[in-house]
Amino acid sequence: MAKLRLSIAVRDYDRTRPLSDGLVQIDGVDPVFMALPPEEIFFRAFRRTEFDICELSLSSFTVKTAQGDCPYVGVPAFVSRTFRHTAIYVRTDRIKKPADLKGKKVGVPEYQLTANVWARAILEDDHGVKPSDIHWIRGGLVEAGRLEKISIKLPKDVKLDNAPRGRTLSAMLDAGEIDGIIAPRVPPAFERGDPNVGWLFADPVAAAKDYYQRTGIFPIMHLIGVRRELAEAQPWLPAAVFKAFERSKAIALEKLSDTSSTKVTLPFVEERLMEARALMGDDFWPYGVEANRKTLETFLRHHHAQSLSPRLLKVEELFHPGTLETYKV
């Protein structure tokens, strides 16, 4: 039987490179890989369903799944995870602690971005700052005119306005027109060392470690999706995709663990790897549903509480049934 010729769009991660390099094969698939930035993948996937298999925003995927019109089914290969304490930037000349954000203006590239869902969860759970306490300003970080890629409907007590025409969040932060930004990417003012722009948490790594020790949660950002029509026609495919992505990640970790020569262009990589395993265990980047159930349930609870999903989803609703269990020998 001929293999399926399928398009696969994922960022070029070490944990996916064995797939794109051909070292790991997806059973029954002849892949066409495209290494694209997440913003482009998500926009093209949710607007026009352009890819057969692709990386997806967990939040956008949850919005569409809860609405009942998601064009993709989920595979629990979580190719992007990040502690989002580093995603909250503020005007340090006026914001000294999380409670200072109450009543202030905070920019977001999109309100429903996964990074922003997690950041709002941290602010509310750990610091008592609710989404309704902040005046949200939506716009492009460095390009004006960015809007939500998918429609959302927020409660009346959450104030969300678009940035003025032609204005970027970065320019507004520089001018002091907003008090902070929550975003996956770094504002230019922070990169150039502006003394009035910094992290909300002075030591975000320490804050993230404390968060993990208290909660056991390593926030998930992105999962893998398979085009729904394709999964319905080829029900074996999602499990095959999951198996291949798991194997690809395992190879990446094997290489990272080889201390004979550093695989990443960064000093102290081996030491950071030891620290991560001491804090989070050997499998510190788990795939699969059961190993991530608490993290997923926490995300779904906040996603619904933030009015991004019209109903509280169960974890199993996110993923294709073929990826929920596997064979044993």
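The one condition from (1) within 23 Å of the chain's Cα centre (by Cα); (2) among the small types (Gly, Ala, Ser); (3) more than 13 Å from Gly139 (Cβ to Cβ) that Gly193 does not meet is (1).
Yes/no per residue for (1) among the hydrophobic types (A, V, I, L, M, F, W, C); (2) touching a Ser or Thr at 6+ places or on another chain (Cβ under 8 Å); (3) closer than 27 Å to Glu290 by Cα:
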| residue | (1), (2), (3) |
| --- | --- |
| Tyr72 | no, yes, yes |
| Ser80 | no, no, yes |
| Tyr89 | no, no, no |
| Lys96 | no, no, no |
| Lys102 | no, no, no |
| Val106 | yes, no, no |
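Using the structure shown, decide if Ile137 is touching a Gly at 6+ places or on another chain (Cβ under 7 Å), under 30 Å from Arg48 (Cα atoms) and without any contact (Cβ under 8 Å) to a residue 60 or more places away in the chain. When the stated conditions are applied, Ile137 passes them. Scanning region 81-124 for residues that are more than 14 Å from the chain's Cα centre (by Cα) and β-branched (Val, Ile, Thr) yields Ile88, Val90, Thr92, Ile95, Val106, Val108, Ile122.
Conditions tested, residue by residue: (1) in the same structural domain as Pro76 (by TED's automatic domain parsing); (2) in contact with a Pro (Cβ under 8 Å, 6 or more places away or on another chain); (3) in contact (Cβ under 8 Å) with a residue 12 or more places away in the chain; (4) crowded, with 19+ Cβ neighbours inside 10 Å.
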residue	(1), (2), (3), (4)
Thr259	yes, no, no, no
Phe268	yes, no, no, no
Leu296	yes, no, yes, yes
Pro310	yes, no, yes, no
Val329	no, no, no, no
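Every residue in region 146-170 that is more than 22 Å from Ser57 (Cβ to Cβ) and charged (D, E, K, R), please. Residues satisfying the conditions are Lys156, Asp157, Lys159, Asp161, Arg165, Arg167.
Considering only residues in region 178-203 that are without any contact (Cβ under 8 Å) to a residue 40 or more places away in the chain and more than 25 Å from Pro38 (Cβ to Cβ), the one that is surrounded by the fewest Cβ atoms within 10 Å (Cβ to Cβ) turns out to be Gly193.
Pick out the one residue from Ser248, Ser257, Ser261 that is within 22 Å of the chain's Cα centre (by Cα) and hydroxyl-bearing (Ser, Thr, Tyr).
Just one listed residue meets the conditions, Ser248.
Within region 25-75, the set of residues being among the acidic types (Asp, Glu) and surrounded by 18 or more Cβ atoms within 10 Å (Cβ to Cβ) comprises Asp52, Glu55. For region 286-310, filtered to residues that are among the polar types (S, T, N, Q) and part of a helix (DSSP H, G or I), the residue that is nearest to Phe83 (Cα to Cα) is Thr295. Scanning region 212-234 for residues that are farther than 14 Å from Ile53 by Cα and in contact with a helix residue (DSSP H, G or I) (Cβ under 7 Å, 6 or more places away or on another chain) yields a count of 7.
Taking region 204-257 and the helices (runs of 4 or more DSSP H) fully enclosed by it, the elements with 1 or more residues that are in contact (Cβ under 8 Å) with a residue 12 or more places away in the chain and β-branched (Val, Ile, Thr) are at 204-215, 237-257.
Is it the case, given these coordinates, that Ile220 is closer than 30 Å to Asp283 by Cβ and buried (at least 17 other Cβ atoms within 10 Å of the Cβ)?
For Ile220, the condition - closer than 30 Å to Asp283 by Cβ and buried (at least 17 other Cβ atoms within 10 Å of the Cβ) - is met.
Scanning region 22-51 for residues that are without any contact (Cβ under 8 Å) to a residue 12 or more places away in the chain and touching a strand residue (DSSP E or B) at 6+ places or on another chain (Cβ under 9 Å) yields Gly22, Glu40.
For region 130-177, a residue qualifies if it is within 24 Å of Pro38 (Cα to Cα), of a type in the set (Lys, Arg) and modelled with pLDDT of 95 or more, and the qualifying residues are Arg138, Arg167.
The values are calculated or read from the model by the stated rules, or taken from the named source; none is laboratory data. Being a predicted model, the structure only gives us computed values, none of them experimental. Counting neighbours? That spans all protein chains shown, and the Cβs are built from the backbone with ideal geometry, glycine included.
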